[in-house]
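Presented below is the structure to which this report refers.
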Amino acid sequence: MKLGKVIGRVISTRKIASFEGLKLLLVQPLDENRNPSGDAFVAADTIQSGVGELIYYETSKEAGRVLVNTMNPVDAAIMGIVDELYIDKRP
Amino acid sequence: MKLGKVIGRVISTRKIASFEGLKLLLVQPLDENRNPSGDAFVAADTIQSGVGELIYYETSKEAGRVLVNTMNPVDAAIMGIVDELYIDKRP
Amino acid sequence: MKLGKVIGRVISTRKIASFEGLKLLLVQPLDENRNPSGDAFVAADTIQSGVGELIYYETSKEAGRVLVNTMNPVDAAIMGIVDELYIDKRP
Amino acid sequence: MKLGKVIGRVISTRKIASFEGLKLLLVQPLDENRNPSGDAFVAADTIQSGVGELIYYETSKEAGRVLVNTMNPVDAAIMGIVDELYIDKRP
Amino acid sequence: MKLGKVIGRVISTRKIASFEGLKLLLVQPLDENRNPSGDAFVAADTIQSGVGELIYYETSKEAGRVLVNTMNPVDAAIMGIVDELYIDKRP
(Lines give C-alpha, C1' and ligand atoms only; values in the text may rest on other atoms or scores of the structure.)
Protein backbone atom coordinates (compact mmCIF):
# COMPACT_ATOMS: atom_id res chain seq x y z
CA MET A 1 0.00 0.00 0.00
CA LYS A 2 1.13 3.56 -0.58
CA LEU A 3 0.47 6.81 1.21
CA GLY A 4 -1.71 9.46 -0.37
CA LYS A 5 -4.09 12.31 0.19
CA VAL A 6 -7.58 12.77 -1.24
CA ILE A 7 -7.43 16.00 -3.27
CA GLY A 8 -10.64 15.96 -5.27
CA ARG A 9 -13.37 14.15 -7.15
CA VAL A 10 -13.97 12.99 -10.68
CA ILE A 11 -17.40 13.38 -12.25
CA SER A 12 -17.99 10.94 -15.09
CA THR A 13 -21.27 10.24 -16.87
CA ARG A 14 -20.15 8.14 -19.83
CA LYS A 15 -18.24 5.12 -18.47
CA ILE A 16 -18.21 1.33 -18.46
CA ALA A 17 -21.43 -0.11 -17.06
CA SER A 18 -19.99 -1.62 -13.87
CA PHE A 19 -18.69 1.78 -12.74
CA GLU A 20 -22.24 3.12 -12.27
CA GLY A 21 -22.64 4.34 -8.70
CA LEU A 22 -18.94 4.20 -7.88
CA LYS A 23 -17.54 7.30 -6.17
CA LEU A 24 -14.30 8.29 -7.90
CA LEU A 25 -11.77 10.30 -5.92
CA LEU A 26 -8.61 12.06 -7.04
CA VAL A 27 -5.65 10.93 -4.92
CA GLN A 28 -2.21 12.55 -4.67
CA PRO A 29 0.56 10.04 -3.83
CA LEU A 30 2.74 11.16 -0.91
CA ASP A 31 6.11 10.13 0.45
CA GLU A 32 6.55 9.33 4.15
CA ASN A 33 7.10 13.05 4.88
CA ARG A 34 3.71 13.78 3.32
CA ASN A 35 5.25 15.52 0.30
CA PRO A 36 3.62 14.95 -3.12
CA SER A 37 5.36 12.27 -5.15
CA GLY A 38 4.16 11.61 -8.67
CA ASP A 39 0.89 12.37 -10.45
CA ALA A 40 -2.54 12.29 -8.88
CA PHE A 41 -4.77 9.42 -10.04
CA VAL A 42 -8.37 8.23 -9.81
CA ALA A 43 -9.34 5.76 -7.06
CA ALA A 44 -12.60 4.16 -6.03
CA ASP A 45 -13.79 5.25 -2.61
CA THR A 46 -14.43 2.34 -0.26
CA ILE A 47 -14.44 3.85 3.21
CA GLN A 48 -16.13 7.24 2.74
CA SER A 49 -12.93 9.26 2.67
CA GLY A 50 -13.08 13.01 2.19
CA VAL A 51 -10.87 15.70 0.70
CA GLY A 52 -7.74 16.36 2.76
CA GLU A 53 -7.58 12.98 4.50
CA LEU A 54 -4.30 11.05 4.68
CA ILE A 55 -4.98 7.56 3.36
CA TYR A 56 -3.22 4.43 2.10
CA TYR A 57 -4.26 2.92 -1.18
CA GLU A 58 -3.58 0.09 -3.60
CA THR A 59 -3.23 0.29 -7.36
CA SER A 60 -3.48 -3.26 -8.55
CA LYS A 61 -5.85 -6.01 -9.37
CA GLU A 62 -6.45 -6.50 -5.66
CA ALA A 63 -8.06 -3.09 -5.34
CA GLY A 64 -11.33 -4.35 -6.82
CA ARG A 65 -11.73 -6.99 -4.14
CA VAL A 66 -12.75 -4.44 -1.55
CA LEU A 67 -15.79 -3.37 -3.54
CA VAL A 68 -19.27 -4.81 -3.10
CA ASN A 69 -18.96 -6.20 -6.63
CA THR A 70 -15.56 -7.86 -6.24
CA MET A 71 -15.35 -8.56 -9.97
CA ASN A 72 -15.55 -4.87 -10.82
CA PRO A 73 -12.39 -4.08 -12.81
CA VAL A 74 -11.20 -1.27 -10.54
CA ASP A 75 -7.42 -0.96 -10.30
CA ALA A 76 -7.11 1.66 -7.57
CA ALA A 77 -8.90 1.82 -4.23
CA ILE A 78 -8.46 3.44 -0.85
CA MET A 79 -7.85 0.83 1.86
CA GLY A 80 -7.75 2.91 5.03
CA ILE A 81 -7.28 6.25 6.75
CA VAL A 82 -3.93 6.91 8.44
CA ASP A 83 -4.42 8.04 12.04
CA GLU A 84 -0.72 8.27 12.83
CA LEU A 85 2.61 7.59 11.19
CA TYR A 86 5.50 6.64 13.49
CA ILE A 87 8.81 7.04 11.68
CA ASP A 88 12.14 6.03 13.13
CA LYS A 89 15.04 6.27 10.69
CA ARG A 90 17.86 5.40 13.09
CA PRO A 91 20.54 3.51 11.15
CA MET B 1 -7.25 4.61 -12.90
CA LYS B 2 -5.18 7.37 -14.43
CA LEU B 3 -6.06 10.50 -16.32
CA GLY B 4 -5.30 10.77 -20.03
CA LYS B 5 -6.30 12.26 -23.33
CA VAL B 6 -7.04 10.48 -26.59
CA ILE B 7 -4.48 11.83 -29.08
CA GLY B 8 -4.76 9.47 -32.02
CA ARG B 9 -5.32 6.04 -33.49
CA VAL B 10 -3.23 3.01 -34.32
CA ILE B 11 -3.86 1.12 -37.56
CA SER B 12 -2.66 -2.47 -37.37
CA THR B 13 -3.33 -5.22 -39.90
CA ARG B 14 -0.97 -7.97 -38.72
CA LYS B 15 -1.78 -8.74 -35.06
CA ILE B 16 -2.82 -11.54 -32.74
CA ALA B 17 -6.14 -13.09 -33.76
CA SER B 18 -8.21 -11.91 -30.79
CA PHE B 19 -7.41 -8.27 -31.56
CA GLU B 20 -9.41 -8.40 -34.82
CA GLY B 21 -12.10 -5.70 -34.74
CA LEU B 22 -10.65 -3.91 -31.71
CA LYS B 23 -10.33 -0.14 -32.06
CA LEU B 24 -6.90 0.91 -30.84
CA LEU B 25 -6.45 4.46 -29.60
CA LEU B 26 -3.31 6.38 -28.71
CA VAL B 27 -3.60 7.85 -25.21
CA GLN B 28 -1.40 10.53 -23.62
CA PRO B 29 -1.19 10.19 -19.80
CA LEU B 30 -1.92 13.47 -17.99
CA ASP B 31 -1.37 14.76 -14.48
CA GLU B 32 -4.23 16.36 -12.53
CA ASN B 33 -3.45 19.73 -14.17
CA ARG B 34 -3.94 18.09 -17.57
CA ASN B 35 -0.26 18.35 -18.45
CA PRO B 36 1.32 15.43 -20.35
CA SER B 37 3.17 13.00 -18.07
CA GLY B 38 5.05 10.11 -19.64
CA ASP B 39 4.80 8.44 -23.04
CA ALA B 40 1.62 7.91 -25.00
CA PHE B 41 0.47 4.27 -25.25
CA VAL B 42 -2.07 2.12 -27.07
CA ALA B 43 -5.44 1.41 -25.42
CA ALA B 44 -8.53 -0.48 -26.50
CA ASP B 45 -11.56 1.74 -26.97
CA THR B 46 -14.56 0.62 -24.93
CA ILE B 47 -16.85 3.62 -24.78
CA GLN B 48 -16.50 5.23 -28.21
CA SER B 49 -14.07 7.92 -27.15
CA GLY B 50 -12.74 10.39 -29.67
CA VAL B 51 -9.59 12.43 -30.17
CA GLY B 52 -9.25 15.27 -27.65
CA GLU B 53 -11.44 13.75 -24.94
CA LEU B 54 -10.28 13.70 -21.31
CA ILE B 55 -10.60 10.11 -20.11
CA TYR B 56 -9.49 7.79 -17.30
CA TYR B 57 -7.93 4.47 -18.15
CA GLU B 58 -6.44 1.33 -16.68
CA THR B 59 -3.27 -0.44 -17.72
CA SER B 60 -3.47 -3.82 -16.10
CA LYS B 61 -4.93 -7.23 -16.41
CA GLU B 62 -8.29 -5.80 -15.40
CA ALA B 63 -8.50 -3.73 -18.56
CA GLY B 64 -9.56 -6.74 -20.62
CA ARG B 65 -12.60 -7.39 -18.47
CA VAL B 66 -14.48 -4.48 -19.98
CA LEU B 67 -14.34 -5.95 -23.47
CA VAL B 68 -17.05 -8.14 -24.98
CA ASN B 69 -14.51 -10.96 -25.00
CA THR B 70 -13.36 -10.69 -21.40
CA MET B 71 -10.54 -13.16 -21.97
CA ASN B 72 -8.97 -10.95 -24.65
CA PRO B 73 -5.41 -10.23 -23.42
CA VAL B 74 -5.72 -6.45 -23.57
CA ASP B 75 -3.68 -4.60 -20.92
CA ALA B 76 -4.92 -1.04 -21.45
CA ALA B 77 -8.49 0.20 -21.80
CA ILE B 78 -10.43 3.42 -21.43
CA MET B 79 -12.91 3.18 -18.56
CA GLY B 80 -14.74 6.50 -18.76
CA ILE B 81 -14.89 10.10 -19.91
CA VAL B 82 -14.14 12.82 -17.37
CA ASP B 83 -16.90 15.42 -17.28
CA GLU B 84 -15.37 17.46 -14.49
CA LEU B 85 -12.41 17.37 -12.14
CA TYR B 86 -12.84 19.03 -8.75
CA ILE B 87 -9.46 19.63 -7.15
CA ASP B 88 -8.98 20.97 -3.65
CA LYS B 89 -5.37 20.95 -2.43
CA ARG B 90 -5.88 22.71 0.90
CA PRO B 91 -3.44 21.28 3.43
CA MET C 1 -0.03 -1.82 -25.02
CA LYS C 2 3.09 0.20 -25.67
CA LEU C 3 4.92 1.15 -28.82
CA GLY C 4 8.31 -0.39 -29.59
CA LYS C 5 10.73 -1.47 -32.26
CA VAL C 6 12.35 -4.85 -32.71
CA ILE C 7 16.11 -4.23 -32.45
CA GLY C 8 17.57 -7.69 -32.13
CA ARG C 9 17.46 -11.26 -30.90
CA VAL C 10 18.44 -13.17 -27.78
CA ILE C 11 20.08 -16.56 -28.09
CA SER C 12 19.62 -18.67 -24.97
CA THR C 13 20.45 -22.34 -24.54
CA ARG C 14 20.11 -22.83 -20.79
CA LYS C 15 16.58 -21.72 -19.78
CA ILE C 16 13.42 -22.92 -18.10
CA ALA C 17 11.91 -25.92 -19.89
CA SER C 18 8.75 -24.24 -21.20
CA PHE C 19 10.81 -21.64 -23.08
CA GLU C 20 12.17 -24.29 -25.49
CA GLY C 21 11.35 -23.29 -29.05
CA LEU C 22 10.31 -19.76 -28.16
CA LYS C 23 11.80 -17.02 -30.34
CA LEU C 24 13.08 -14.24 -28.09
CA LEU C 25 13.35 -10.74 -29.55
CA LEU C 26 14.98 -7.62 -28.16
CA VAL C 27 12.49 -4.72 -28.18
CA GLN C 28 13.23 -1.01 -27.72
CA PRO C 29 10.29 0.91 -26.17
CA LEU C 30 9.38 4.05 -28.12
CA ASP C 31 7.32 7.14 -27.41
CA GLU C 32 4.64 8.29 -29.86
CA ASN C 33 7.28 10.20 -31.85
CA ARG C 34 9.19 6.93 -32.28
CA ASN C 35 12.02 8.07 -30.02
CA PRO C 36 13.59 5.47 -27.68
CA SER C 37 12.20 5.64 -24.15
CA GLY C 38 13.68 3.36 -21.51
CA ASP C 39 15.71 0.16 -21.74
CA ALA C 40 15.28 -2.55 -24.34
CA PHE C 41 13.82 -5.82 -23.03
CA VAL C 42 13.21 -9.40 -24.14
CA ALA C 43 9.82 -10.32 -25.65
CA ALA C 44 8.40 -13.51 -27.07
CA ASP C 45 7.67 -13.31 -30.78
CA THR C 46 4.08 -14.18 -31.65
CA ILE C 47 3.49 -12.75 -35.10
CA GLN C 48 6.80 -13.30 -36.90
CA SER C 49 8.11 -9.78 -36.44
CA GLY C 50 11.50 -8.81 -37.78
CA VAL C 51 14.24 -6.36 -36.89
CA GLY C 52 13.26 -2.73 -37.58
CA GLU C 53 9.48 -3.23 -37.42
CA LEU C 54 7.31 -0.84 -35.39
CA ILE C 55 5.19 -2.95 -33.06
CA TYR C 56 2.99 -2.72 -29.97
CA TYR C 57 3.62 -5.05 -27.07
CA GLU C 58 2.45 -6.01 -23.60
CA THR C 59 4.56 -6.66 -20.54
CA SER C 60 2.27 -8.38 -18.11
CA LYS C 61 0.72 -11.65 -17.20
CA GLU C 62 -1.57 -11.32 -20.20
CA ALA C 63 1.34 -11.59 -22.60
CA GLY C 64 1.52 -15.36 -22.17
CA ARG C 65 -2.06 -15.83 -23.33
CA VAL C 66 -1.13 -15.22 -26.94
CA LEU C 67 1.25 -18.18 -27.03
CA VAL C 68 0.30 -21.67 -28.15
CA ASN C 69 0.94 -22.82 -24.58
CA THR C 70 -1.12 -20.18 -22.79
CA MET C 71 0.24 -21.25 -19.40
CA ASN C 72 3.81 -20.45 -20.43
CA PRO C 73 5.08 -17.87 -17.89
CA VAL C 74 6.06 -15.27 -20.49
CA ASP C 75 5.66 -11.67 -19.29
CA ALA C 76 6.36 -9.78 -22.53
CA ALA C 77 4.98 -10.43 -26.00
CA ILE C 78 4.48 -8.60 -29.26
CA MET C 79 0.77 -8.17 -30.02
CA GLY C 80 0.80 -6.52 -33.45
CA ILE C 81 2.62 -4.54 -36.11
CA VAL C 82 1.81 -0.83 -36.44
CA ASP C 83 0.92 0.08 -40.01
CA GLU C 84 0.17 3.72 -39.28
CA LEU C 85 -0.02 6.07 -36.31
CA TYR C 86 -2.43 8.99 -36.58
CA ILE C 87 -1.61 11.63 -33.99
CA ASP C 88 -3.70 14.74 -33.36
CA LYS C 89 -2.59 16.78 -30.35
CA ARG C 90 -4.97 19.72 -30.75
CA PRO C 91 -5.90 20.98 -27.29
CA MET D 1 11.71 -9.29 -4.15
CA LYS D 2 13.30 -5.98 -3.27
CA LEU D 3 15.50 -4.85 -0.42
CA GLY D 4 14.15 -2.51 2.23
CA LYS D 5 14.33 -1.39 5.81
CA VAL D 6 11.50 -1.14 8.33
CA ILE D 7 11.35 2.53 9.34
CA GLY D 8 8.08 2.84 11.18
CA ARG D 9 4.47 1.91 11.74
CA VAL D 10 1.09 3.02 10.47
CA ILE D 11 -1.83 3.32 12.88
CA SER D 12 -5.18 3.08 11.13
CA THR D 13 -8.60 2.74 12.74
CA ARG D 14 -10.94 3.29 9.79
CA LYS D 15 -10.05 0.75 7.09
CA ILE D 16 -11.50 -2.06 5.00
CA ALA D 17 -12.85 -4.87 7.17
CA SER D 18 -10.31 -7.55 6.22
CA PHE D 19 -7.41 -5.36 7.40
CA GLU D 20 -8.56 -5.61 11.03
CA GLY D 21 -5.70 -7.01 13.13
CA LEU D 22 -3.08 -6.60 10.43
CA LYS D 23 0.16 -4.95 11.57
CA LEU D 24 1.11 -2.27 9.05
CA LEU D 25 4.77 -1.28 8.78
CA LEU D 26 6.41 1.58 6.94
CA VAL D 27 9.20 0.26 4.68
CA GLN D 28 11.94 2.27 2.97
CA PRO D 29 13.13 0.65 -0.29
CA LEU D 30 16.93 0.30 -0.48
CA ASP D 31 19.41 -0.36 -3.24
CA GLU D 32 22.03 -3.08 -2.86
CA ASN D 33 24.33 -0.62 -1.04
CA ARG D 34 21.57 -0.06 1.52
CA ASN D 35 20.92 3.49 0.33
CA PRO D 36 17.30 4.71 0.21
CA SER D 37 15.75 4.44 -3.24
CA GLY D 38 12.25 5.78 -3.77
CA ASP D 39 9.41 6.51 -1.36
CA ALA D 40 8.58 4.55 1.76
CA PHE D 41 5.36 2.50 1.57
CA VAL D 42 3.03 0.49 3.79
CA ALA D 43 3.54 -3.29 4.06
CA ALA D 44 1.83 -6.00 6.05
CA ASP D 45 4.06 -7.61 8.65
CA THR D 46 4.30 -11.37 8.28
CA ILE D 47 7.41 -12.39 10.19
CA GLN D 48 7.43 -10.03 13.19
CA SER D 49 9.95 -7.60 11.78
CA GLY D 50 10.98 -4.57 13.80
CA VAL D 51 12.19 -1.06 13.08
CA GLY D 52 15.71 -0.95 11.65
CA GLU D 53 15.75 -4.48 10.23
CA LEU D 54 16.99 -5.13 6.69
CA ILE D 55 14.28 -7.10 4.90
CA TYR D 56 13.14 -8.17 1.43
CA TYR D 57 9.58 -7.59 0.39
CA GLU D 58 7.10 -8.02 -2.43
CA THR D 59 4.63 -5.49 -3.77
CA SER D 60 2.25 -7.48 -5.88
CA LYS D 61 -0.76 -9.69 -5.79
CA GLU D 62 1.43 -12.47 -4.43
CA ALA D 63 2.06 -10.57 -1.21
CA GLY D 64 -1.34 -11.52 0.18
CA ARG D 65 -0.64 -15.21 -0.11
CA VAL D 66 1.67 -15.17 2.90
CA LEU D 67 -1.09 -13.99 5.23
CA VAL D 68 -3.30 -16.28 7.29
CA ASN D 69 -6.23 -15.07 5.18
CA THR D 70 -4.67 -15.62 1.75
CA MET D 71 -7.57 -13.81 0.04
CA ASN D 72 -6.85 -10.60 1.94
CA PRO D 73 -6.21 -7.92 -0.72
CA VAL D 74 -2.79 -6.89 0.60
CA ASP D 75 -0.36 -5.76 -2.11
CA ALA D 76 2.83 -5.41 -0.07
CA ALA D 77 4.32 -7.82 2.44
CA ILE D 78 7.66 -8.55 4.05
CA MET D 79 8.94 -11.98 2.99
CA GLY D 80 12.12 -12.35 5.05
CA ILE D 81 14.94 -10.78 7.03
CA VAL D 82 18.31 -10.39 5.32
CA ASP D 83 21.11 -11.88 7.44
CA GLU D 84 23.85 -11.18 4.93
CA LEU D 85 24.28 -9.78 1.44
CA TYR D 86 27.20 -11.08 -0.60
CA ILE D 87 27.93 -8.78 -3.52
CA ASP D 88 30.47 -9.49 -6.21
CA LYS D 89 30.43 -7.01 -9.09
CA ARG D 90 33.43 -8.33 -11.02
CA PRO D 91 32.81 -7.82 -14.73
CA MET E 1 11.67 -10.40 -19.61
CA LYS E 2 14.51 -8.06 -18.78
CA LEU E 3 18.26 -8.36 -18.99
CA GLY E 4 20.33 -8.62 -15.83
CA LYS E 5 23.49 -9.94 -14.24
CA VAL E 6 23.82 -12.06 -11.12
CA ILE E 7 25.90 -9.98 -8.69
CA GLY E 8 25.52 -11.79 -5.40
CA ARG E 9 23.53 -13.82 -2.93
CA VAL E 10 21.14 -13.14 -0.09
CA ILE E 11 21.35 -15.20 3.11
CA SER E 12 18.08 -15.24 5.01
CA THR E 13 17.20 -17.41 8.01
CA ARG E 14 13.95 -15.84 9.20
CA LYS E 15 11.49 -15.84 6.28
CA ILE E 16 8.07 -17.05 5.24
CA ALA E 17 7.78 -20.85 5.43
CA SER E 18 7.48 -21.55 1.69
CA PHE E 19 10.82 -19.84 1.01
CA GLU E 20 12.73 -22.59 2.88
CA GLY E 21 15.31 -24.12 0.56
CA LEU E 22 15.01 -21.42 -2.09
CA LYS E 23 18.31 -19.99 -3.36
CA LEU E 24 18.04 -16.21 -3.42
CA LEU E 25 20.30 -14.31 -5.81
CA LEU E 26 20.99 -10.59 -6.12
CA VAL E 27 20.40 -9.44 -9.70
CA GLN E 28 21.49 -6.14 -11.28
CA PRO E 29 19.16 -5.01 -14.11
CA LEU E 30 21.04 -4.10 -17.30
CA ASP E 31 20.17 -2.22 -20.46
CA GLU E 32 20.87 -3.74 -23.87
CA ASN E 33 24.44 -2.40 -23.74
CA ARG E 34 24.95 -4.31 -20.49
CA ASN E 35 25.12 -1.14 -18.42
CA PRO E 36 23.47 -1.17 -14.97
CA SER E 37 19.97 0.33 -15.00
CA GLY E 38 18.13 0.67 -11.70
CA ASP E 39 18.56 -1.05 -8.34
CA ALA E 40 19.59 -4.64 -7.81
CA PHE E 41 16.85 -6.92 -6.47
CA VAL E 42 16.37 -10.41 -5.06
CA ALA E 43 15.38 -13.25 -7.43
CA ALA E 44 14.81 -16.95 -6.96
CA ASP E 45 17.33 -19.11 -8.77
CA THR E 46 15.74 -21.61 -11.11
CA ILE E 47 18.49 -22.67 -13.49
CA GLN E 48 21.59 -22.75 -11.30
CA SER E 49 22.95 -19.39 -12.37
CA GLY E 50 26.18 -18.10 -10.90
CA VAL E 51 27.71 -14.71 -10.13
CA GLY E 52 28.69 -12.78 -13.28
CA GLU E 53 26.29 -14.53 -15.67
CA LEU E 54 24.16 -12.50 -18.10
CA ILE E 55 20.56 -13.61 -17.62
CA TYR E 56 16.97 -12.62 -18.39
CA TYR E 57 14.43 -12.52 -15.61
CA GLU E 58 10.82 -11.80 -14.79
CA THR E 59 9.44 -9.79 -11.90
CA SER E 60 5.79 -10.63 -11.78
CA LYS E 61 3.30 -13.16 -10.63
CA GLU E 62 4.44 -15.44 -13.43
CA ALA E 63 7.88 -15.82 -11.89
CA GLY E 64 6.61 -18.32 -9.33
CA ARG E 65 5.36 -20.69 -11.99
CA VAL E 66 8.86 -21.85 -12.82
CA LEU E 67 9.46 -23.16 -9.30
CA VAL E 68 8.83 -26.75 -8.20
CA ASN E 69 6.11 -25.37 -5.92
CA THR E 70 4.27 -23.26 -8.48
CA MET E 71 2.10 -21.67 -5.79
CA ASN E 72 5.14 -20.26 -3.99
CA PRO E 73 4.59 -16.46 -3.85
CA VAL E 74 7.88 -15.56 -5.54
CA ASP E 75 7.71 -12.40 -7.67
CA ALA E 76 11.15 -12.50 -9.31
CA ALA E 77 12.88 -15.41 -11.01
CA ILE E 78 15.65 -16.02 -13.50
CA MET E 79 14.26 -17.54 -16.72
CA GLY E 80 17.40 -18.18 -18.75
CA ILE E 81 21.06 -17.47 -19.47
CA VAL E 82 21.86 -15.21 -22.42
CA ASP E 83 24.39 -16.83 -24.75
CA GLU E 84 24.39 -14.03 -27.28
CA LEU E 85 22.65 -10.74 -27.94
CA TYR E 86 22.30 -9.64 -31.56
CA ILE E 87 21.49 -5.95 -31.77
CA ASP E 88 20.68 -4.11 -34.98
CA LYS E 89 19.53 -0.53 -34.48
CA ARG E 90 19.31 0.51 -38.12
CA PRO E 91 16.44 2.99 -38.52
* Apply the Karplus parameterisation 6.51 cos²θ - 1.76 cosθ + 1.60, with θ equal to phi minus 60°, to every residue of the stretch E:37-51 and state each ³J(HN,Hα) to the nearest whole Hz, in sequence, with x for glycine and proline. => 8, x, 7, 5, 9, 9, 10, 6, 7, 10, 10, 6, 7, x, 4
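Would you mind working out the magnitude of the charge dipole of the stretch A:2-81 relative to its Cα centre, with +1 at each Lys and Arg C-beta and -1 at each Asp and Glu C-beta, to the nearest 20 Debye?
Values: 9 positive and 9 negative charges, 46 e Å.
Dipole size: approximately 220 debye.
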* **³J(HN,Hα), Karplus 6.51/-1.76/1.60, whole Hz, each residue of the stretch D:4-9, x for Gly, Pro** => x, 9, 6, 10, x, 9
* **Under 26 Å from the Cα of B:Lys23 - lysines, other chains or at least 8 residues apart** => A:Lys15, A:Lys61, B:Lys2, B:Lys5, B:Lys15, B:Lys61, C:Lys2, C:Lys5, C:Lys61, C:Lys89
* Structure fact -> Using alpha-carbon positions, the gyration tensor of chain C gives root eigenvalues a ≥ b ≥ c; with a/c under 1.5 called rounded, otherwise prolate if a/b exceeds b/c, else oblate, the class is prolate
* Please compute the net charge surrounding C:Asp31, taking Lys and Arg as +1 and Asp and Glu as -1 over other residues with Cβ under 13 Å from its Cβ. => +2
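Mind ranking D:2-15, D:72-85 by how tightly packed they are, going by the mean number of other C-beta atoms within 10 angstrom, highest first? Mind dumping the intermediate values first?
On the way: D:2-15: 19.9, D:72-85: 21.5.
Highest mean packing first, the order is D:72-85, D:2-15.
Using only the alpha carbon atoms of the protein assembly as shown, find the Kirkwood hydrodynamic radius as the inverse mean reciprocal pair distance, in angstroms to one decimal. List each step's numbers first, then the result.
Working: mean 1/r = 0.0441 Å⁻¹.
One decimal place: 22.7 Å for the Kirkwood radius.
For the stretch E:1-40, just run the numbers: alpha carbon Rg, then divide by 2.2 N^0.38 Å, N being how many residues it has.
On the way: Rg = 12.8 Å, N = 40, 2.2 N^0.38 = 8.9 Å.
Expressed relative to 2.2 N^0.38 Å, the Cα Rg reads 1.43.
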* Structure fact -> Result for interface chain B to chain A, accessible surface buried in total, 1.4 Å probe, Å² to 100, stands at 2500
* Tally Lys and Arg at +1 and Asp and Glu at -1 over the other residues with C-beta under 14 Å from the C-beta of E:Gly21: what net charge comes out? -> 0
* To do: Write down the accessible area per residue of the stretch D:2-81 in Å², having rolled a 1.4 Å probe over the full set of protein chains.
  => 36
* Asked: If you put a point 7 Å past Cα along the Cβ direction, how far is that point for A:Asn69 from the same point in each other copy, in nm, smallest first?
  -> 2.3, 2.3, 3.8, 3.8
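What does the average come to when, for each residue of peptide E:5-13, you count the partner chain Cβ atoms lying within 10 Å of its Cβ? The partial results should precede the final answer.
Working: counts 2, 1, 6, 7, 5, 12, 5, 11, 5.
Rounded to a whole number, the mean comes out at 6.
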* When the accessible area of the protein assembly as shown is split by element with a 1.4 Å probe, what percent falls to carbon and sulfur? -> 49
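Can you check what the net charge comes to around E:Leu3, using other residues whose Cβ is under 14 Å from the Cβ of E:Leu3 (Lys, Arg +1; Asp, Glu -1)?
On the way: positive: C:Arg9, C:Lys15, E:Lys2, E:Lys5, E:Arg34; negative: C:Asp39, C:Asp75, E:Asp31, E:Glu32, E:Glu53, E:Glu58, E:Asp83, E:Glu84.
With Lys, Arg at +1 and Asp, Glu at -1, the neighbours total -3.
Return the average number of partner chain Cβ atoms within 10 angstrom of each residue Cβ along peptide E:72-81. Each step should come with its number before you reach the end.
Working: counts 2, 12, 4, 10, 5, 2, 2, 10, 10, 4.
Mean partner-chain Cβ count within 10 Å for E:72-81: 6.
The values are calculated or read from the model by the stated rules, or taken from the named source; none is laboratory data. Not measured: the values here are computed from a predicted model. In this analysis, Cβ positions are derived from the backbone assuming ideal geometry, glycine residues included, and neighbour counts consider all displayed protein chains. Areas reflect the complete protein model, heavy atoms only, side chains present, ligands, DNA and RNA absent. Shrake-Rupley method; radii C 1.70, N 1.55, O 1.52, S 1.80 Å.
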